[in-house]
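One structure below.
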């Protein structure tokens, strides 16, 4: 098939050209939509915004905003190969790649052939979508917005969250907590004080992503995380979102079971590879 590679000047131009394609699978493509929507024109000269089209129709996209990994959508094998070839030909170095499992592996293998750089799996994730919250047994406490006087506590929680993930994050726990509190995106489950936290991010045309779900060890196994995620998901739906998305570690069976019990359904598996 005749494929065309296009590189865009910035996130705004990228989103304008690819949004119709991305919205066909909005939950699966939420990271791409969110990054493009929030970054727009301030991503820097080294950022990558690209797509592959067939007969004028977008069939795959790739973006990278350093120092983060490249983010792929699903696409035909030939389109993924072309993305790898063109990005390499442009002299761009990539720290890694993230995307739906099949396309992420295809790109990683192609990149290794092109560059001689090895790739290794970093994380195996699953993307979920919730359209309706399933009511569960009541849990002591209630959800509320995180407060500025809780910054120190939540900064520590976010540092622990990053450590648990096992993947480097350019933002410190303090910066994450400060940004979440300032924007009103960070919430806590309060049972005589904060016992769990969750945040929302990347609002798109119809959905929003729930992330940074964390409960410190002393408060686990009491239903706090489930209650916090369920309440925050319901809040997002009540405010007009049609769905919520959520990313999990596929190896964490407990977390996956918890999220499915409150209404999250699997959309696709997605993997991250490092190039080193």
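Go through the stretch 64-89 and report how many residues are out of contact with any helix residue (DSSP H, G or I) (no Cβ under 7 Å at 6 or more places or on another chain), in a loop (DSSP other than H, G, I, E, B) and closer than 17 Å to residue 275 by Cα. Of the residues in that region, 4 qualify.
Among residues of the stretch 163-181 being out of contact with any strand residue (DSSP E or B) (no Cβ under 9 Å at 6 or more places or on another chain) and touching a residue at least 12 places away in the same chain (Cβ under 8 Å), the one that is nearest to residue 66 (Cα to Cα) is 170. Within the stretch 51-70, the presence of at least one residue that is at pLDDT 95 or above, closer than 16 Å to residue 8 by Cβ, over 21 Å from the mean Cα position of the chain (by Cα) and crowded, with 23+ Cβ neighbours inside 10 Å is confirmed. On inspection, residue 35 passes the criterion of being at pLDDT below 95 and not in a loop (DSSP other than H, G, I, E, B). Please verify whether the stretch 213-221 includes one or more residues that are under 17 Å from residue 127 (Cα atoms), crowded, with 23+ Cβ neighbours inside 10 Å, touching a strand residue (DSSP E or B) at 6+ places or on another chain (Cβ under 8 Å) and at pLDDT 95 or above. The answer is no, given that none of the residues of the stretch 213-221 is under 17 Å from residue 127 (Cα atoms), crowded, with 23+ Cβ neighbours inside 10 Å, touching a strand residue (DSSP E or B) at 6+ places or on another chain (Cβ under 8 Å) and at pLDDT 95 or above.
Candidates are the residues of the stretch 1-18 that are touching a residue at least 40 places away in the same chain (Cβ under 8 Å) and outside any strand (DSSP E or B); the one that is surrounded by the fewest Cβ atoms within 10 Å (Cβ to Cβ) is 2.
The values are calculated or read from the model by the stated rules, or taken from the named source; none is laboratory data. Keep in mind the model is a prediction, meaning the values are calculated, not measured. Counting neighbours? That spans all protein chains shown, and the Cβs are built from the backbone with ideal geometry, glycine included.
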